[in-house]
Amino acid sequence: MTGGPASGAGWVRQLAFGVRLAFRGGATGWTRVALTATAVGLGVAFLLLAASVPNLLSARDARESARVDYLQHLERRGDDTLLLGFVDTQFHGIRIRGRLLQPEGPAAPVPPGLTALPRPGEMVVSPALAALLSAPGSELLRTRLDYRIVGQIEDEGLSGPGEFAFYAGSDRLEGWSGVQRLNAFGDPTPGDGLSPRLMLLVIVAFVVLLTPVVIFIAAAVRFGGESRDRRLAALRLMGADRRMTRRYAAGEALAGGLLGLAVGVVLFLAGRQLIGRFTLWDISVFPADARPSLPLAVSIAGAVPALAVTVSLGVLRKIAVEPLGVVRRSAQGRRRLWWRLLLPFAGLALLAPLFGGRADTDGQLARVQVGGGAVLLLVGVVTLLPWLVEAVVRRIGGGGGVSWQLAVRRIQLDSASSARLVSGVAVAVAGAIALQTLVAGVESVSVQDTGADLHRAQVNVVLSEGATFAEAKKITSRFAATPGVRSVTGTATSIGLVAGTDQDVPFIMGACPDLREMAEITRCRPGDVFITEHDPESSDAPEPPRPGQQVTVEDATWTIPATVTRVKGRRSPDGGVWRGAVLATPEAAADLAAKPLRLSLYLGLDRSDPDAVELVRNTAAEISPLTQVYGIQEVQVDDKFAGIVRGILVGTVAILLLIGASMLATTLDQLRERRALLAALTAFGARRGMLTRATLWQMAVPVALGLVPAVLIGTGLGLALLAMLGLPLHVSPANLLVTVSAGAGVVALVTLASLPVQLRLMRPEGLRTE
């Protein structure tokens, strides 16, 4: 081997030699390559999955848009029209999408995923619902969906493989209220995009979830660094110069990066085949939709090998590979703090122009600012951590037990490795804190308090097609006789028109006990009529009708009696308040009592009976398949916000698993490099328990120090994002504690998982060498 400058062909030969060198070295070399490739492959698989998110969302949105069935309101029937009723239901928390179909002609449209419309009494179900119906414990659901299954919905008719849905045939939808008439399925218009707040949340979520992956890959390509440096020193002894060793190292890193890239593709393709079997927080996807965007896939294919080579060459700049060994632990100057603070300050500088609620994330520049600022702040955790570990550990004295002294001395000798080991956890914790803070702020505008009182009722049953007062009494009795039902309050409602005006007025009919649930009524007798006060906060709200005025309800004209009493409206069990409404007992409006009015019932259930609400749904389905049963909620959550939060939870779980795998692989690699030292200490009388405690301390100290900048920068990023949206600045100590505990828990589990390997390496066989 000769020194001096090399030609282009010489560079290629030296890189190729480095690639071959990566696979030499017997079992030890193959173990190192396999460990690096597996770790890099996990990161690549996660990046490919992230690159598939745009296709996943667009495919899901396209299928949901193609089956939209609520936009048309056709008046006349025809050969190409279809009557459709909404019969969504739930079963023990599982949401089931249901539709009743009745064709009005031979050319009636067929929903996507079906080859033909089911006949009356027949049902086509999704694969997930078919499995649920056949599962033990689903007897109540089988009773409710008492149709004969004649087929399954194809993939193009489902939002995901885990969706529970069915289409059933009917011949009784004619004339029912709430039934749609349409001649086509689908929504040709694009849906509403995300609001600026939710778009900001999505951008930050991607940054937070992907930044630790890049750090993970950068750490993975450094596996086996000490043995690689010894090989380079041997090559120097054989005549290679420093430039040649750098090219050999670049070729070896390139081999690990390319092999890791191949492993990542294999893991992604294998995982894609299994992805359809899992449903997390109502999220499921088809394997065919998991296709990385081509530009992103090309970027990943080029970035991963480039990152591997860059990191490898960067490591060599900090050491001197000489023919007689590697100089890496000589005295070095203290790390400087000033340039490490530039990254977080630069991140804040990018975000600062958007403070004060001026964040228009519909603009590309603002999105780049948000993403870039978040990346700089999170990377600031990585740059600050080595300085902090070195500054603190350098000042630790020699007190404590032997295990503590061994751990501290090891960190003092190589504080950079200790910082790198926990950098992924620190970045993940910082990002999670920022996300938690932002989610809590957005939640204040995306989650609304309904004012519901769950002590009065837990379920609202609505019969939209209407019932006369006599029929309503029978229906109420059926629900009251349902097992698990403790109380039933029911009213019949409609909208009336004040004669001579264009003023609408809510009309409510019920017995005195039922009307007391709607208004503050102290005295009530059959024949009484009440009017609730109008909304005092609305200056343009019309005054309620006066005594003697006529009101037209359901084509019947009724005069408000002079004995009407004004009362104050009361919140109904679901939180609503009737303002300016007419409340009448059936004796006061006999003509209207014979009209079919919309029936609304509030049911109080036995909360100790888990099947109570399912029995209520079965009773409702027996009365009419179009009867809607709603669980009363104290808070109402925006659907898009809830979907984003569920996606963040899935991504956070995946990132924690990935970081745990990274730390475990790094720890095992470090133990493998120090196996001779561990075996020698054991041979000279060091107790295994003491060495184990030293490993625990060696992991705990950097973690404790790493969480400090993680909490500070994560909190700062979260507050900055809230300031951008003009939301109140607030940090939840409980969220901080949970996030920090989760990060520390991952480290603890990784440490415990590595202990069996460490105990095995302490055996005398570890002194053997080749």
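The values are calculated or read from the model by the stated rules, or taken from the named source; none is laboratory data. For clarity, every value in this text was computed on a predicted model and none was experimentally measured. Note: ideal-geometry Cβ built from the backbone for every residue, glycine included; neighbour counts use all protein chains shown.
Data table
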{"item": "Filter result (over 16 Å from TYR70 (Cα atoms), in a loop (DSSP other than H, G, I, E, B) and at pLDDT 85 or above) within the range 156-200", "result": "LEU158, SER159, GLY160, PRO161, GLY162, GLU163, SER170, ASP171, ARG172"}
{"item": "Positions within the range 111-131 being over 29 Å from the mean Cα position of the chain (by Cα), surrounded by 17 or more Cβ atoms within 10 Å (Cβ to Cβ) and assigned to a loop (DSSP other than H, G, I, E, B), in sequence order", "result": "PRO111, LEU114, LEU117, PRO118"}
{"item": "Candidate set from the range 461-479 (those that are of a type in the set (Ser, Thr, Tyr) and in contact (Cβ under 8 Å) with a residue 60 or more places away in the chain); member that is nearest to SER494 (Cα to Cα)", "result": "SER464"}
{"item": "Residue in the range 132-149 that is within 28 Å of the chain's Cα centre (by Cα) and assigned to a helix (DSSP H, G or I) present", "result": "yes"}
{"item": "Counted residues, the range 464-476 - those being within 43 Å of the chain's Cα centre (by Cα) and surrounded by fewer than 20 Cβ atoms within 10 Å (Cβ to Cβ)", "result": "3"}
{"item": "Selected residue (only one of LEU717, LEU737, LEU752, LEU729 is surrounded by 15 or more Cβ atoms within 10 Å (Cβ to Cβ) and of a type outside the set (Lys, Arg))", "result": "LEU717"}
{"item": "Residue among GLY484, GLY527 that alone is of a type outside the set (D, E, K, R) and farther than 30 Å from THR619 by Cα", "result": "GLY527"}
{"item": "Positions within the range 538-595 being of a type outside the set (Asp, Glu) and in a helix (DSSP H, G or I), in sequence order", "result": "PRO586, ALA588, ALA590, LEU592, ALA593"}
{"item": "From ALA374, ALA419, ALA430, residue being of a type in the set (Gly, Ala, Ser), at pLDDT 80 or above and under 20 Å from LEU705 (Cβ atoms)", "result": "ALA430"}
{"item": "The range 528-550 residues that are at pLDDT below 80, paired with ones that are loosely packed, with under 12 Cβ neighbours inside 10 Å (beta carbon under 9 Å, 6 or more apart)", "result": "HIS534/GLU543; PRO542/THR501; PRO544/ARG566"}
{"item": "The range 268-291 residues that are exposed (fewer than 13 other Cβ atoms within 10 Å of the Cβ) and part of a helix (DSSP H, G or I), paired with ones that are aromatic (Phe, Trp, Tyr) and at pLDDT 85 or above (beta carbon under 8 Å, 6 or more apart)", "result": "none"}
{"item": "Test: residue in the range 498-515 that is of a type in the set (D, E, K, R) and outside any strand (DSSP E or B)", "result": "yes"}
{"item": "Flag if GLN412 is over 27 Å from LEU656 (Cα atoms), surrounded by fewer than 16 Cβ atoms within 10 Å (Cβ to Cβ) and either of a type in the set (D, E, K, R) or modelled with pLDDT of 75 or more (or both)", "result": "yes"}
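This table checks each residue for (1) modelled with pLDDT of 75 or more; (2) farther than 18 Å from SER417 by Cβ; (3) surrounded by 19 or more Cβ atoms within 10 Å (Cβ to Cβ).
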{"site": "ILE655", "(1), (2), (3)": "no, yes, yes"}
{"site": "THR666", "(1), (2), (3)": "no, no, yes"}
{"site": "GLN670", "(1), (2), (3)": "no, no, yes"}
{"site": "ALA676", "(1), (2), (3)": "no, no, no"}
{"site": "ALA680", "(1), (2), (3)": "yes, yes, no"}
{"site": "ARG687", "(1), (2), (3)": "yes, yes, no"}
